[in-house]
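Chemist: My questions all concern the structure below.
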Amino acid sequence: MKVEIKKKGEIKLPSHCLSIARGSNEKLYAACVGGGVYSLDNKGNKNKITGHDNFVSGVNVSNNSIVSADYDGIIKWTSIESGKEQRKIKAHEFWSWQTKVSPDSKMIGSVTGQYLVGGYKYEPFTETEPSIKVYDASSGELIHKFSHVPPVQSLAFSNDSRYLAAGNLMGEVRVWDLILGKMYTSWNTPSFTGWGIIKGHYYTGGVFSMEFSPDDSSIYLAGMGSTRDPAAGNGKQLWEEFSWKDQGMPPKMKRSAIDGEIGQGLMESLSFHPSGAFFVMAGRMFKGNWNIALFDAEKGNILCSQNSGIRCSDIVFSEDGTRFYVGGGKSQGKKKGDGFGSWGRIQEFEINIS
């Protein structure tokens, strides 16, 4: 299989885009650090549909509503048709790091948590609130709350909507059975965390993105490998695959990014192509040749890559799989008046498969 990508366009946004979602008719929705949530049509026109008082970390489409979440721990539902706010809940006392809608559109999951020192070895303090919460997507009713070691930075629903996985700063992944309401399995992968010893004594890295494989047999993790200098962000550009349903517990790593094909930097997003034949990983490059790369799902090797010129925070494919969109930002730059200019970006890439 030969895959090539070509940048087709770029849309500017008022501030860095942390999350993007695709609605009907290929309309995109973007969540930005400036507090705005925007709709964008196929011509690049944008319209602010709702606002938050802090960074908007997540945007999802569910049941004709835009569901957005922020760094105040607020989750808000906004009608796509009328643009009116439908409900707003205080999900967390700390940030909502990431939100996801289950594939059956019945649930909204959100993760939170703050790293606080719990002892003289700098071990994390126990959570002060449940790190994972799951809400009914239609009513906003709390369905589940689960414990983890904070901060929990990423989550993913299985494709059959039965399982929920979440990963934290220290490289620990936990998976819950949502029908039984209890933990199914858990494991630690030290590749995704590090202890800084040069400019600061604290953890760095973590699992920033995760996805179930299309057949739900594997869980893929993306983030940054360990680094001695936390301020530099110079850990490996990293993904790992785990066969989480194997009989042997805890699950063992099946594959990972090939050293000769990756550089250094923080990978913030991983997403599977609708065909399941390959996945894309993107983030911030420190050293290397790319910050967007497509990987063969069967062999694990790079199919193609590109340096986008922006810091990438989220990825979404078009429904037919011929394109994908990357949300992020291009340097905050110098302050202009009350802001920093339009430094948010959404880039569109065309995919050619032969």
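The values are calculated or read from the model by the stated rules, or taken from the named source; none is laboratory data. Fair warning: this is a prediction, and the values are worked out from it, not measured in the lab. Note: ideal-geometry Cβ built from the backbone for every residue, glycine included; neighbour counts use all protein chains shown.
Chemist: Are any of the residues in the range 296-304 buried (at least 21 other Cβ atoms within 10 Å of the Cβ), small (Gly, Ala, Ser), touching a residue at least 40 places away in the same chain (Cβ under 8 Å) and closer than 18 Å to GLY263 by Cβ?
Modeler: Taking every residue of the range 296-304 in turn, none turns out to be buried (at least 21 other Cβ atoms within 10 Å of the Cβ), small (Gly, Ala, Ser), touching a residue at least 40 places away in the same chain (Cβ under 8 Å) and closer than 18 Å to GLY263 by Cβ.
Chemist: Still on this model: Does VAL67 satisfy being modelled with pLDDT of 95 or more and either among the hydrophobic types (A, V, I, L, M, F, W, C) or not assigned by TED's automatic domain parsing to the domain that holds TYR203 (or both)? Spell out the reasoning first.
Modeler: Numbers: modelled with pLDDT of 95 or more: yes; either among the hydrophobic types (A, V, I, L, M, F, W, C) or not assigned by TED's automatic domain parsing to the domain that holds TYR203 (or both): yes.
Answer is yes for this residue.
Chemist: Another question about this same structure. ASP136 fails exactly one of the following numbered conditions: (1) closer than 20 Å to SER57 by Cα; (2) surrounded by 13 or more Cβ atoms within 10 Å (Cβ to Cβ); (3) in contact with a strand residue (DSSP E or B) (Cβ under 7 Å, 6 or more places away or on another chain); (4) of a type outside the set (Lys, Arg). What is the number of that condition?
Modeler: The single condition ASP136 does not satisfy is (2).
Chemist: If you scan the range 74-110, which residues turn out to be in a strand (DSSP E or B) and either closer than 21 Å to ILE315 by Cβ or aliphatic (A, V, I, L, M) (or both)? First the steps, then the outcome.
Modeler: Step one: filter the range 74-110 for residues in a strand (DSSP E or B), giving 74-79, 85-90, 98-101, 107-110.
Residues satisfying the conditions are ILE74, ILE75, ILE89, GLN98, THR99, LYS100, VAL101, MET107, ILE108, GLY109, SER110.
Chemist: Give just the number: which of (1) closer than 24 Å to LEU221 by Cα; (2) in a loop (DSSP other than H, G, I, E, B) does PHE349 not satisfy?
Modeler: It fails just one condition, (2).
Chemist: Among strands (runs of 3 or more DSSP E) lying entirely in the range 111-175, which contain 1 or more residues that are under 22 Å from TYR202 (Cα atoms), free of Cβ contacts under 8 Å to residues at least 60 places away in the same chain and in contact with a Ser or Thr (Cβ under 9 Å, 6 or more places away or on another chain)? Quick ask: steps written out before the conclusion?
Modeler: Values: elements: 132-136, 142-146, 152-157, 163-168.
Counting at least 1 such residues, we get 152-157, 163-168.
Chemist: If you don't mind, there's one more thing I want to ask. With respect to MET285, determine if the residue is assigned to a strand (DSSP E or B), touching a Leu at 6+ places or on another chain (Cβ under 6 Å) and of a type in the set (A, V, I, L, M, F, W, C).
Modeler: On the way: assigned to a strand (DSSP E or B): yes; touching a Leu at 6+ places or on another chain (Cβ under 6 Å): no; of a type in the set (A, V, I, L, M, F, W, C): yes.
Spelling it out, it is not the case that MET285 is assigned to a strand (DSSP E or B), touching a Leu at 6+ places or on another chain (Cβ under 6 Å) and of a type in the set (A, V, I, L, M, F, W, C).
Chemist: How many of the residues in the range 97-116 are under 17 Å from GLU172 (Cα atoms) and either surrounded by fewer than 20 Cβ atoms within 10 Å (Cβ to Cβ) or charged (D, E, K, R) (or both)?
Modeler: Result for the range 97-116: 3.
Chemist: Can I ask one more? State yes or no: is GLU268 under 23 Å from ASP229 (Cα atoms), more than 20 Å from the chain's Cα centre (by Cα) and in contact (Cβ under 8 Å) with a residue 40 or more places away in the chain?
Modeler: On the way: under 23 Å from ASP229 (Cα atoms): yes; more than 20 Å from the chain's Cα centre (by Cα): no; in contact (Cβ under 8 Å) with a residue 40 or more places away in the chain: yes.
No: the conditions fail for GLU268.
Chemist: OK, next. Taking ASP314, is it at pLDDT 95 or above, assigned to a strand (DSSP E or B) and more than 15 Å from LEU238 (Cα to Cα)? Show your work before the answer.
Modeler: Values: at pLDDT 95 or above: yes; assigned to a strand (DSSP E or B): yes; more than 15 Å from LEU238 (Cα to Cα): yes.
When the stated conditions are applied, ASP314 passes them.
Chemist: Looking only at residues that are farther than 18 Å from ILE80 by Cβ and modelled with pLDDT of 95 or more in the range 35-54, which one is surrounded by the fewest Cβ atoms within 10 Å (Cβ to Cβ)? Walk me through how you get there before you give the answer.
Modeler: Taking the range 35-54 and keeping what is farther than 18 Å from ILE80 by Cβ, we get 35, 43-44, 53-54.
Now restrict to residues that are modelled with pLDDT of 95 or more: 35, 53-54.
Values: GLY35: 19, ASP53: 10, ASN54: 15.
Here the answer is ASP53.
Chemist: Considering every residue within the range 74-96, establish whether at least one is under 15 Å from the mean Cα position of the chain (by Cα) and either over 30 Å from ASN301 (Cα atoms) or crowded, with 20+ Cβ neighbours inside 10 Å (or both).
Modeler: Filtering the range 74-96 for residues under 15 Å from the mean Cα position of the chain (by Cα) gives 95-96.
Then drop every residue that is not either over 30 Å from ASN301 (Cα atoms) or crowded, with 20+ Cβ neighbours inside 10 Å (or both), which leaves 95-96.
Yes, because at least one residue in the range 74-96 is under 15 Å from the mean Cα position of the chain (by Cα) and either over 30 Å from ASN301 (Cα atoms) or crowded, with 20+ Cβ neighbours inside 10 Å (or both).
Chemist: Which condition number in (1) surrounded by fewer than 23 Cβ atoms within 10 Å (Cβ to Cβ); (2) among the aliphatic types (A, V, I, L, M); (3) within 25 Å of PHE272 (Cβ to Cβ) is the one that LEU180 fails?
Modeler: Every condition holds for LEU180 apart from (3).
Chemist: Can you pull out every residue in the range 55-73 that is surrounded by 16 or more Cβ atoms within 10 Å (Cβ to Cβ) and in a loop (DSSP other than H, G, I, E, B)? Step through it out loud before you land on a result.
Modeler: Keep residues of the range 55-73 that are surrounded by 16 or more Cβ atoms within 10 Å (Cβ to Cβ), which gives 55-62, 65-73.
Within the range 55-73, PHE55, TYR71, ASP72, GLY73 qualify.
Chemist: Tell me whether the range 260-272 contains one or more residues that are within 23 Å of VAL207 (Cα to Cα), crowded, with 22+ Cβ neighbours inside 10 Å, at pLDDT 95 or above and not aliphatic (A, V, I, L, M).
Modeler: Checking the range 260-272: at least one residue is within 23 Å of VAL207 (Cα to Cα), crowded, with 22+ Cβ neighbours inside 10 Å, at pLDDT 95 or above and not aliphatic (A, V, I, L, M).
Chemist: Another question about this same structure. Looking only at the range 285-301, decide whether some residue is under 19 Å from SER217 (Cα atoms) and under 18 Å from the mean Cα position of the chain (by Cα).
Modeler: Yes, some residue in the range 285-301 is under 19 Å from SER217 (Cα atoms) and under 18 Å from the mean Cα position of the chain (by Cα).
Chemist: Okay, next question. Could you please let me know if GLU319 is within 27 Å of ASP41 (Cβ to Cβ), surrounded by fewer than 20 Cβ atoms within 10 Å (Cβ to Cβ) and not aromatic (Phe, Trp, Tyr)?
Modeler: Judged against the criteria, GLU319 is a match.
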